[in-house]
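S.K.: Structure incoming, see below.
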Amino acid sequence: MAALCESFTLCGLGPSGGVGLGAGLLALEPGPEPDHVLLTDRGRTATLFKVSDQKPLGCWSVKHGQIITCPVVCNFETHEYIAVHDDKVLRIWKNKDINLDKVFKATLSADVYRIHSLPNGGPVVLFKGGGVRTLDVLLEAPQQEIENIISDEVIKWSQAFMECQQPVLIFATEKDGNFFVYVQKVKMNSLHKYKLEQQESKPMSFMAYIKNQFVTLLCLYSNDAVYKVLIPLQQNTEEEEEHVLSKSLLLNLSVSGSILKGTSFVFLDKDHIAVLGSLAASGEESKECLTIWNTKFQTLQTSKELPLGTSGQLWCYEEKFFFTHGKMLTVIMYKCETSSLAAAVGKLKDSRAPDVSSFVNWDTLGDEELVSSVQSQQPAPLKSEPKMTLRSKRNTVAKVQQDTLSVGQLLLNLKDASTTVFEGELRQLMSKAQMPDIQATIGCIVTAITDRCKADPKYYPRNFLLQIVQTRDLSYSLCPDLMAVALERKDVHLLQICLQQFPDIPEEITYACLKLFLTLSEACLQSIDVNLESVICYIDVEFNNKEVKSEIVENGFNAELEKDSWETKITKEIHPTADGDLCPVGPQKAALLNAVLQTAYSETFLLPHLKNLPAQQAVLFLRYLHYLYVKCSEKINIALPGVRVPTVNQIMDWMCLVLDAQFTVMVMLPEAKGLLSNLHRFVRAQVRFYSDLNKIEGSLRELQRLNHQKDIQTYSIEVLELI
């Protein structure tokens, strides 16, 4: 039995996608960790993503005018990344590298078709002429001559495996309508060429796996069928005759009169394959969809319509499908279980299979599509149920209707319900949700609420949404429109809670929250309920927002000694909070900004947004960061008191980010002169203080050594003199 599970968006592919994939996706390869993938676009950029968090971990680009010409791969043995640009230029770098101009570079003597990286065999380089080298051998002499094996043939596909601890490379070529298959054992210099049996239809996509010393080659042909070809790995090396490979039919891509025009496919297990293509019935418009087929019983197990269209590319890693859907890279999880006849015809009961989709979008799905999307766990029906219900059965159906409706059907029925009925049914649904479906169910509920909010500007159940977010373990990807609606309604309390609890908030949303918090006036925030637990220990929220003075350990900083003569010219009237003594914002705004400071982000993708922050807001934010930094430095443990407070590292990182993004503006802005001089003075004092600590580091270590050598009793007094 096979089923498609929940889906989510990994990233955008258009100009606003934020990951440099505007030119389209070239390939997707596994990353250094099981949950990581490497995306290569059809231009200059490669991006490393953590799939479970939908967060980019790194992004690298070649210079303008250069083009990455084959997919970037990871060397699993060294955790390095390997790319080829302009066909012949090899680049190798690590995670810490930023500028690809400064990483290892080697110019090769022949054009590279593709690099395959094997977990236990290292990278293998396939050249366009058919020559193969391991990366280690190639780096010993990058300009070594590469043999041309395939003459006028063009490589269409390649794949690499490990067999008996030896790398095996398989690639298919085409010439004048004829297709050939090469099998090469890389380290044994063993190469065999085969010719595919010729017919009117042509192979469009290939996939292969090795079992019992045989290569099983699967070919998706243009006649809407998948064929299987067996190739023995053990061959007589003296034979030079070109073998013609016969093929056998594995699967016809047709069901109930509909034919699937496949564009790409992947092998899942011995009984299942997944095919991406267009499903068309006679007289009907074709619809793109992702399907899973049972090859043992020749049945369609499940399918999902893709109304926004795809690029025809399909990848599969770690039980997840990756494909483009519209302008987004979509991920769909799946499961395949032991094949049986009952499962193949959809009669096997599976109580574990959830019938909940993570997303219900009433704006893009029709009624039938909505019901279909939330029931995507179920196998494709062999025939449709009759639409009419006999009168004798109606009473029975009505009694059990509420118990048997799926989440998607219930939400569809509530689409036009009144507000009271709508919220009452949703609360009842939440109370009934059981694990493991609880998160997907809540995600559907929140999506239904946000859809209604967007359709009706007067509708906004603030308390209901707060209750859901505070009591449920949600994430941004489960309810992607929630924070957008909260931003539109300026619901800062809900945004604060989302920032504190969601682990996967995009940088664009984080910046939008920051801008909103800085824009709102203190008077406006006074009347809003905000959680102040992160500020009550260092800002007095009771007495006109005056700061509570606490015991100060100056930690090496003395403002009077550090002031330069030109700095004293800046008056307190112009910059009343520039010295960091008083908090430049009220407690409500401080609590909201603290939530932003503790949000996870990638510097690469946040920095462009911060450049758009208005100058006055940037100055105010920097003053608050300076104030927090001073507060941290007053304490011996260099930390703010209280709960949910930002760390000194978070404060410094944000301060550096804002200065990097706004430095030119800050230098030119008169209002920022005092702030910059105070920042410079304070940092200089800290550097001097830590420099003095380094000077006595040797003495402190010696004291520690002496104390370890002595047998100190329960009570003792010892005077040590430092010279």
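The values are calculated or read from the model by the stated rules, or taken from the named source; none is laboratory data. Since this is a predicted model, take the numbers as computed values, not measurements. With ideal geometry, Cβ positions are generated from the backbone for all residues, glycine too; neighbour counts draw on all protein chains shown. Heads up: the accessible areas ignore ligands, DNA and RNA and are worked out on the full protein's heavy atoms, side chains in. Shrake-Rupley method; radii C 1.70, N 1.55, O 1.52, S 1.80 Å.
S.K.: How much length would be gained if the chain were fully extended between K454 and L245, taking 0.36 nm per residue of separation minus their Cα-Cα distance, in nm to one decimal? It would help to have the intermediate numbers written out before the result.
M.R.: On the way: separation 209, 0.36 × 209 = 75.24 nm, distance 5.88 nm.
Fully extending the segment from K454 to L245 adds 69.4 nm.
S.K.: So, one more: In sequence order, what are the phi-derived ³J(HN,Hα) couplings for the stretch 534-539 according to the Karplus relation 6.51 cos²θ - 1.76 cosθ + 1.60 with θ = phi - 60°, rounded to whole Hz, with x for glycine and proline?
M.R.: 7, 10, 5, 8, 10, 10
S.K.: Can you work out ³J(HN,Hα) from phi for every residue in the stretch 131-138, in order, using Karplus 6.51 cos²θ - 1.76 cosθ + 1.60 and θ = phi - 60°, giving whole Hz and x for Gly and Pro?
M.R.: x, 10, 9, 6, 4, 4, 5, 5
S.K.: Another question, then. Counting other C-beta atoms within 10 Å, and keeping those with at most 15, which DSSP coil chymotrypsin sites (Phe, Trp or Tyr not before Pro) do you find in the stretch 289-318?
M.R.: Those that pass, being in a loop and sparsely packed, are F297.
S.K.: Taking 7 Å along the Cα-to-C-beta vector as the label spot, tell me the H680-V137 distance in nanometres, rounded to one decimal.
M.R.: 6.0
S.K.: Ratio to report: Rg/Rh of the stretch 31-149, with Cα atoms as the point set and Rh obtained by the Kirkwood method; give two decimals.
M.R.: That ratio is 0.96, to two decimals.
S.K.: How are the C-alpha pair distances of the stretch 192-316 spread across 5 Å bins, as whole percents from the shortest bin up?
M.R.: 2, 10, 20, 21, 18, 12, 7, 5, 3, 1, 0, 0
S.K.: Could I ask something else about it? Can you give the accessible area of K327 in Å² (nearest 10), computed on protein heavy atoms with a 1.4 Å probe?
M.R.: Its accessible surface works out to 150 Å², give or take rounding.
S.K.: If the limit is 22 Å between Cα atoms, which of K185/K320; K50/K96; K63/K96 go over it?
M.R.: Listed pairs above 22 Å: K185/K320.
S.K.: Quick one: net charge around L260, please, counting Lys, Arg +1 and Asp, Glu -1 for every other residue with C-beta under 15 Å from its C-beta.
M.R.: -2
S.K.: Say R0 is 56 Å: what FRET efficiency, to the nearest 0.05, do S716 and D473 get from their beta-carbon distance? Intermediate results must be reported in sequence, preceding the final value.
M.R.: Working: r = 53 Å, r/R0 = 0.94.
It comes out at approximately 0.60.
S.K.: Once the piece of chain linking D87 and Q616 is laid out straight, how much longer is it, given 0.36 nm per residue of separation minus the C-alpha distance between them?
M.R.: Length gained, D87 through Q616: 185.6 nm.
S.K.: I've got another one for you. Pop a pseudo-label 7 angstrom from the Cα along the beta-carbon direction at both D660 and S222 and give the gap in nm to one decimal.
M.R.: Reported label-point gap for D660 and S222 is 5.1 nm.
S.K.: Next up: So which of K55/K202; K195/K261; K211/K327; K94/K304; K128/K195 end up more than 30 Å apart, counting from Cα to Cα?
M.R.: Going by Cα-Cα distance, K55/K202; K211/K327; K94/K304 fall outside the 30 Å limit.
S.K.: Also: Pull out the extension gain between N178 and L516, defined as 0.36 nm times the separation in residues minus the alpha carbon to alpha carbon distance; nm, one decimal.
M.R.: Here the answer is 115.5 nm.
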